[in-house]
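All remarks here apply to the structure that follows.
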Amino acid sequence: MSTVAEKRGFLAVLWDYLTTVDHKKIAILYLVSGGFFFLVGGIEAMLIRIQLAIPDNDFVSAGLYNELLTMHGTTMIFLAAMPLLFAFMNAVVPLQIGARDVAFPFLNSLGFWLFFFGGIFLNLSWFLGGAPDAGWTSYASLSLASPGHGIDFYVLGLQISGAGTLIAGINFLVTIINMRAPGMTYMRMPLFTWSTFVASALILFAFPPLTVGLFLMLFDRMFGANFFDVTMGGNTIIWEHLFWIFGHPEVYILILPAFGIFSDIISTFSKKRLFGYAAMVFATVLIGFLGFMVWAHHMFTTGLGPTANAIFAVATMAIAVPTGVKIFNWLLTMWGGSIRFTTPMLYAVAFIPSFVAGGVTGVMLASAAADYQYHDSYFVVAHFHYVIIGGVVLGLLAGTHFYWPKMFGTMLNETLGKITFWLFLIGFHGTFFIQHFLGLMGMPRRIWKFLPNQGLDLFNMISTVGAFFMALAVIVLLYNVVITQIKNVRVGNDPWGDGRTLEWAIPSPPPYYNFKQLPLVRGLDPLWIEKMEGRKEMTPAEPLGDIHMPNNSFIPFVMSLGLFIAAFGAMYQVDWRASDGADYVWSIPVLIIGMLITIGSMAVRSLKDDHGYHIHKEELMDDHDDKGGRE
Amino acid sequence: MDMNQKYTARTWPESPEKTTLEGKNKFLGFWLFLGGETVLFASLFATYLALKDKVPGNDHALAADMFELPLVFIMTMLLLTSSLTSVYAMYHMKNHNYQKMQTWLLITVFLGLAFLGFEIYEFNHYVHEFHHTFTSSAFGSAFYTLVGFHGAHVVVGLGWFTLLLVRNGKRGLNLYNAPKFFTASLYWHFIDVVWVFIFTVVYLMGMVG
Amino acid sequence: MKEGFNKAMKNGLKKWRFLPLFAAMAFILSGCGEPFLSTLQPAGEVAQKQFNLMMLSVAIMVLVIIVVAIVYVIAITKFRRSKLGDDFIPKQVEGSHRLEVIWTVIPIILLLILAVPTVALTFELGDQSGMEAEDEEGNREALVIDVRANLYWWEFAYPDQGVVTAQDLVVPTDQNVYFNVIASDVKHSFWIPAVGGKIDTNVDNMNTFYLNFDGEKAEEANNLFYGKCAELCGPSHALMDFKVQTMSQEDFDGWIAAMQESAESEQDFENDTVADGFAVFEEQGCIGCHAVDPTQQIGSSAGPNLTNFGERSYTAGILDNEDSDEVHAENIQNWIRNADVLKPGNTMGGYNEDDLSDEDLDALTEYLMSLKVYSE
């Protein structure tokens, strides 16, 4: 296992990635598939904006439009933003805490494949009778009324990928608690690690309500249950609660890691330690905690009554306080620093005002009585795109440029990076700023077309033009990625020159065992401390010794594939029952076979001992840094 | 550390489930997983409470009409006892006594099976006596989903114990499988705790009306 | 560094004197959108109060933005490495307790300034007790309207008056009008942006709220407000519009009386075409879904009640009838022929020439346009 074949064919590489349990390779898998879904979601967004460019447009049909808006939201949240964040978490967090791997390498791989198959399953709906069309929130009355299998794809796809997310969350929690290097105390962890930790805790407690909600929907749609059928005593508001008890923390699951990325970038390129580190950590934890207390602000118009609305309004406003603390700490980190405007830093600098704009509209929305006007209008669309794009996507783009050298050992072109940045920033504000006003001018969200003579024409056109700028930016980024990989100029440990944390103390990309010797951490920003004392590398905390490594495994792939197959069975047994067994007789067998594949591979995993292997001291001594990692 | 190293009762560490890093990770990870499971059951409980006795028309059986204390009391006792026997099993695991651990785990499994048997009888009873089915009303859906999720957990727990016993029957305890036995028993305790809540919220509160 | 920051803070606080600017901002914003649709041109007490709360929050938020912007601009201009040189090693400041306290406490105060009126208005708008108020004779004082949302159309009933109508909501101005809202099929949301915030029409339960239509502002909007469905409800969610006709209490009483009367009066047709049209209406089974009886029970028919169809401002809520009778007739015919295209997924479907000949369509149109109760 530890010996590397020199020349390997495509199939060997493919097999390697299908079976890998190395967090750095899983990071690349997340990056590539998350990036793919990001493009898919982006194309859906462009179709939406083209449809809304002019009044009474018939570019796409009404039904297709609803499928597009549903899949755009679902894809971007579940299949693009989260996996891309997982990519950076996987690539960076173990390095930042000085670990050789994550706590559960096998589960790490399983988490990825579950997400991947769930995402593929969801998107296959486009080719198998139509995508889900009840919005990413999939409110129960509409999703039960939705004909065809669209909603079934949504329910089953999210159930599978959600299981993967839950696994990933537990994995990161245990990794951060148990696997830190000597001296890496909690209060010395970089902010990205901290925010990953808090986001993982949110995943652990937020995803089960979604799982339950999806199960109820699945039972209602596929097995005749009556949770949401009012005529049978059901209640659709249950879905709204379950969805938002998940859905609101989900926003913080996305934004906190982005905060972490920005914290590290701002500190790095200001050449200054993060201002108010302890307050930043506390604010992160507090935001995570409060995130669970505010879900009903998505339901102000549902009719919960003024008392509930008032309580949730005030609770929601409270979140602005720790968020504000963060904003000012970032500003004060730059203050008195030495700012270098690299591409990642440009994103970070642009993020601050963009996110402030998204934050203040958040406070406006929290004001329940006024929210009766904003709710489900384009004002909300503008708000959450300011938060998600202005926060999360800018964070992902910043992270892409920042961590690319660490993941791939070569730098993205800075000039092209800056072009991408400006196009994207202009496009983003152009698209969404104007939408605040569209909402206030009476345009509801999720509308397939708007009719003329309502004063909405001009602003919609401006918004569409902005979207094209963003699309252009993404194309430039893709071009950048391609030429960078073709040129393939190798870089050293600390390509930005300003690295402060452990990941910049080891080669880019790191060898597959990460650290030959675990580093001794002597404070916050450990590499910076060593640099200031004139050293280039970390002081090792242990003598050179054998390193224990996990074996690769194909089981996670098979296990996820089983669920993927079973999902088809579960879905089409509805038709089989409806058609009196005439067609779709294969559905129940497929369901059973799929489940057997999954349960069987679980049993194999349980029965077969897997002790991993050791890299011996002698091999490590022979191993030159530049050779490692690309195994 | 060699995972297959042979231990005797004397060399066996005090907390074998947490001696290796893998064990420690598994131990913590499983506790966290149970935290997530708790939220999962909390959501199911909330759903059940919202839909309790929500039936179309008035010819449907309600909670107070159906539930009978003796049956669920026996089930509760079975499960509580099985939790206790799994504690004995873990006691012997910590003393590196595979034989006794095996015996107690087998007793646990049989008690679990008995519980399942009663549960199947119970469901069958409701369906045939009261026409209270999964599809007959929102109440039915919520009841069978909550109690059924628990039942499914019992099945998984039994399967897990059985698999572990079969796999390790010949080689006994080592630091590789000790954490596995330990997490399985944690899982079993969790199932037990959930049942206590089901007993209270569904049955006792249901009988009160 | 701290000095600079304090200075920035002071500058920021001085911005309070720009309060008049916020008034100006409100003025500019109110130029946004159309008076019949825009929340920025509030045409009723509820919308006005929500607008005021909106402006308060905007003012506070602009203040925050200004403070952030000042610190931000100074930070990114003054501390550039290109100016400071590569060798400059910044002081590694840990943080500042005093600053942390400042930027925790000040936002809390700002939020309290917003939270108090928010809570107050939330309770005020949530108070439906006016609905129960009765005069000496035990009659309800306030006007109550039942709203029923259906896949892509709206039904409005006046329970105390025993009248039902659809698509065009008719209301008196300058008084609280109470609404009981519910949905028949899937969840919708009832929203008249210019007059006040929305409330969801759930399938599970009845929601209640009130609005107040301002007489003067209504005139600016030609006594016709646009209503929208604000909750995704299917393919034609975007087209699930309704209209609100506002009138004085006097006119409203007249309208109610006319509606009640039309239920009692014998049907008499102006001419033969109209009579033929009615025959078509019956033969084609239109009447199966569309009642022309204003006393019909709400929620009892599959399509909108047509009692005063000839007086509705828009056909099907989306085709403008205001221009002329010709346009009106065209709209009706267009709708009957292409209902499935104009509102995809609606239950009526289109009637082509095979279903309904051109002649019959003309007669039917004539009949439908004759369905007037209140206009002379």
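Tabulated values for the structure
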quantity: Phi-based couplings in Hz for region C:228-244 (Karplus 6.51, -1.76, 1.60; Gly and Pro marked x); calculated: 10, 8, 10, 10, 3, 9, x, x, 9, 3, 4, 9, 8, 8, 9, 10, 10
quantity: Mean separation of Cα contacts under 8 Å (6+ apart) over length of chain B, as relative contact order %; calculated: 36 percent
quantity: Exceeding the 25 Å Cα-Cα cut-off - candidates A:326/A:536; C:217/C:343; C:49/C:243; calculated: A:326/A:536; C:217/C:343
quantity: Per-residue HN-Hα couplings for region A:353-366 [Karplus 6.51, -1.76, 1.60; θ = phi - 60°; Hz; x = Gly/Pro]; calculated: x, 4, 6, 4, 4, x, x, 5, 5, x, 5, 4, 5, 5
quantity: Cα lying deepest toward the dipole's positive end in chain B, options B:166, B:148, B:137, charges on Cβ; calculated: B:166
quantity: For chain B, diffusion coefficient by Stokes-Einstein and Kirkwood Rh (Cα), 25 °C, 0.890 mPa s, µm²/s; calculated: 132 µm²/s
quantity: Cβ-defined net charge surrounding residue C:209, 14 Å radius [Lys, Arg +1; Asp, Glu -1]; calculated: -4
quantity: Charge tally in the Cβ shell below 12 Å around residue C:35, where Lys, Arg are +1 and Asp, Glu are -1, residue C:35 excluded; calculated: -4
quantity: Folded to 0 to 90 degrees: helix C:325-342 orientation relative to chain C principal axis, Cα; calculated: 70 degrees
quantity: Helical segments meeting 27 Å axial Cα length and Kyte-Doolittle 0.5 threshold in chain B (DSSP H); calculated: B:21-51, B:69-94, B:138-168, B:178-197
quantity: Helical contribution to [θ] at 222 nm, DSSP H n ≥ 4, -39,500 (n - 2.57), averaged over the protein assembly as shown, rounded to 500; calculated: -20000 deg cm²/dmol
quantity: Which listed pairs, of A:272/A:516; A:531/A:617; C:228/C:372; A:449/B:54, have C-alpha distances above 30 Å, in listed order; calculated: A:449/B:54
quantity: Protection proxy ranking of A:390-398, C:188-196 - average other beta-carbon atoms within 10 Å, highest first; calculated: C:188-196, A:390-398
quantity: Charge dipole magnitude, Cβ of K and R +1, D and E -1 - region A:388-540, Cα centre, debye nearest 20; calculated: 240 debye
quantity: For the protein assembly as shown, projected area of the alpha-carbon convex hull averaged over all directions, nm²; calculated: 51.1 nm²
quantity: Packing-based ranking, highest mean first, of A:87-97, A:592-602, C:307-317 given that Cβ atoms within 10 Å are counted; calculated: A:87-97, C:307-317, A:592-602
quantity: Förster radius 30 Å - calculated FRET efficiency between residue A:609 and residue A:541 (Cβ-Cβ, nearest 0.05); calculated: 0.50
quantity: Computed label-point distance, nm, for sites residue C:73 and residue B:8 using a 7 Å Cα→Cβ extension; calculated: 8.2 nm
quantity: Per-residue average of Cβ from other chains inside 10 Å of A:161-171; calculated: 2
quantity: Extension gain, residue B:116 back to residue B:42 (0.36 nm per residue minus Cα-Cα distance, nm); calculated: 24.4 nm
quantity: Protection proxy ranking of C:223-234, A:611-622, A:291-302 - average other beta-carbon atoms within 10 Å, highest first; calculated: C:223-234, A:291-302, A:611-622
quantity: Diffusion coefficient, µm² s⁻¹, Stokes-Einstein with Kirkwood Rh over alpha-carbon pairs of region C:293-370 at 10 °C and 1.306 mPa s; calculated: 120 µm²/s
quantity: D_trans [Stokes-Einstein, Kirkwood Rh over alpha-carbon pairs] for region C:143-376, 20 °C, 1.002 mPa s, µm² s⁻¹; calculated: 119 µm²/s
quantity: Taking region C:143-376 and dividing mean pair separation by its residue count, relative contact order in percent (alpha carbons under 8 Å, at least six apart); calculated: 21 percent
quantity: Nearest 10 degrees, 0 to 90: helix C:249-264 Cα axis against chain C principal axis; calculated: 30 degrees
quantity: Förster radius 56 Å - calculated FRET efficiency between residue A:124 and residue C:133 (Cβ-Cβ, nearest 0.05); calculated: 0.45
quantity: Local electrostatic count at residue C:308 - Lys and Arg +1, Asp and Glu -1, tallied over other residues with Cβ under 11 Å; calculated: 0
quantity: In order through region C:52-63: 3J(HN,Hα) via Karplus (6.51 cos²θ - 1.76 cosθ + 1.60), integer Hz, x for Gly, Pro; calculated: 4, 4, 4, 5, 4, 5, 4, 4, 4, 5, 5, 4
quantity: Estimated FRET transfer efficiency when R0 is 45 angstrom, pair residue C:261-residue A:231 (beta carbons, to 0.05); calculated: 0.75
quantity: Amide H within-cut-off set for residue C:145, under 5 Å, with H built and near neighbours excluded; calculated: C:178, C:179, C:180
quantity: Anchor residue A:271: aspartates and glutamates whose Cα lies under 16 Å away (excluding residues fewer than 8 positions away in-chain); calculated: A:494, A:498, A:525, A:530, A:533, C:86, C:87, C:94
quantity: For C:342-353, mean number of other protein chain Cβ atoms within 10 Å; calculated: 1
quantity: Cross-link partners of residue B:24 among aspartates and glutamates (Cα-Cα below 17 Å; sequence separation of 8 or more within a chain); calculated: A:101, A:610, B:2, B:14
quantity: q = 0.20, 0.21, 0.23 Å⁻¹, region B:1-80: log10 I(q)/I(0) [Debye, one scatterer per Cα]; calculated: -1.04, -1.07, -1.11
quantity: Hypothetical label at residue A:489: residues of region A:373-404 whose amide nitrogen lies under 20 Å (7 Å Cα-Cβ projection); calculated: A:400-404
quantity: Gyration tensor verdict on chain A (Cα atoms; rounded if a/c is under 1.5, prolate if a/b is larger than b/c, oblate otherwise); calculated: oblate
quantity: Residue mean of other protein chain beta carbons inside 10 Å, B:31-43; calculated: 6
quantity: Label-point separation in nm, residue A:599 to residue B:127, each point 7 Å along Cα→Cβ; calculated: 1.7 nm
quantity: Percent antiparallel among DSSP beta bridges (both partners in chain C, rounded to 5); calculated: 70 percent
quantity: Region B:110-196 - Rg over Rh from alpha carbon coordinates, Kirkwood radius; calculated: 1.12
quantity: Charge-dipole axis of region C:143-376 as Lys and Arg at +1 and Asp and Glu at -1 on Cβ define it, positive-most pick from C:336, C:229, C:247; calculated: C:229
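Read-outs throughout are calculated quantities, based only on the coordinates presented, and are distinct from any laboratory measurement. Quick caveat: nothing in here was measured; it's all calculated off a predicted structure. Because the Cβ atoms are built from the backbone with ideal geometry, glycine has one as well, and the counts that use them run over all protein chains shown.
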